[in-house]
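Chemist: For reference, the structure I am asking about is given below.
The values are calculated or read from the model by the stated rules, or taken from the named source; none is laboratory data. Just so it is clear, the structure is predicted and the values come from calculations on it, not from any experiment. No Cβ is skipped: glycine too gets one built from the backbone with ideal geometry, and neighbour counts run over all protein chains shown. Surface areas here come from the heavy atoms of the whole protein model, side chains and all, with no ligands, DNA or RNA. Shrake-Rupley method; radii C 1.70, N 1.55, O 1.52, S 1.80 Å.
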Amino acid sequence: MPKLNDEFCERMEDVLEQYEKPLDPNEPVVCLDEQPYQRVDDARPPEPAAPGKIAKQDYEYRRCGTCSVFVAVEPKAGKRFVQAKRHRKRADFARFVRDLLKRYPDAERVHLVMDNLNTHNEKSLIETFGEEAARPMLERIVWHFTPKHASWLNMAEIEISAIQRQCLGRRLASLDKVQSELSHCSRDRNRKKIKINWTFHRKDAKRVFPELYRK
């Protein structure tokens with residue numbers, strides 16, 4: 001359970017304030033998260049369906065390692081950007097953020113909402129690209145961190161859950177296959193401009209966590 005202290009309250013209010021802002025292409029609010037994914041393959045070739053015959057798949061599978069699924073979603077615009085990476089190290093995070101910023105070339109600032117993973121910071125970009133190359137990117141980023149042990153405040157978790165149900169529920173053995181499925185799914189969701197309707201606001205926080213507001 002998280003500690004319900006001043007830091008929790010400040011971070012929660014900061015994140016909820018971002019969610020209450022109207023859509024602004026000049027300062028988009030983007031939620032970012034990453035999720036490990038286990039790649040697996042069939043232990044035996046499946047049998048496809050045929051006239052009078054159902055498809056069959058052996059329950060046994062072969063482990064093919066893991067990868068990380070990076071997801072960024074702009075909830076009010078119905079936009080998302082998804083990449084599969086072999087690892088979840090500082091360089092992976094930094095390159096994902098670099099590629100994300102390229103999708104907002106005209107935005108003055110990009111507000112990033114994320115959890116407190118130790119790679120989610122300026123240091124990752126500086127170590128990966130060097131300070132001179134990282135500085136223009138960092139000047140465009142405004143960091144917003146969820147309270148510790150309260151990642152439910154990050155709407156990227158909702159997007160990850162939807163993507164897992166839609167395209168990661170079957171056996172995918174290679175990193176390229178995972179990326180292909182993610183790209184197809186995200187393009188479809190972007191085309192449909194699927195948004196996230198967030199209903200927990202600062203007024204609700206005061207009702208749910210009254211002990212934080214009695215001080």
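Chemist: Before we move on, is Trp198 closer than 20 Å to His111 by Cα, part of a helix (DSSP H, G or I) and within 19 Å of the chain's Cα centre (by Cα)?
Modeler: No, not satisfied.
Chemist: A further question follows. Can you find a residue in region 100-120 that is among the polar types (S, T, N, Q), without any contact (Cβ under 8 Å) to a residue 12 or more places away in the chain, outside any helix (DSSP H, G or I) and within 15 Å of Ser68 (Cβ to Cβ)?
Modeler: yes
Chemist: Report whether or not Lys193 is surrounded by fewer than 12 Cβ atoms within 10 Å (Cβ to Cβ), in contact with a Gly (Cβ under 6 Å, 6 or more places away or on another chain) and not hydroxyl-bearing (Ser, Thr, Tyr).
Modeler: Yes; evaluated as a whole, the condition is true for this residue.
Chemist: Shifting gears a bit: Can you tell me which of Ser180, Ser174 is under 19 Å from the mean Cα position of the chain (by Cα) and open to solvent by less than 80 Å² (accessible area, probe 1.4 Å)?
Modeler: Of Ser180, Ser174, the one residue that is under 19 Å from the mean Cα position of the chain (by Cα) and open to solvent by less than 80 Å² (accessible area, probe 1.4 Å) is Ser180.
Chemist: Anything in region 155-171 that is loosely packed, with under 14 Cβ neighbours inside 10 Å and either modelled with pLDDT of 90 or more or charged (D, E, K, R) (or both)? List them, or say none.
Modeler: Listed by number, the residues that qualify are Ser161, Arg165, Arg170.
Chemist: Here is a check on your reading of the model: is Arg90 over 15 Å from the mean Cα position of the chain (by Cα), open to solvent by less than 70 Å² (accessible area, probe 1.4 Å) and at pLDDT 90 or above?
Modeler: In short, yes.
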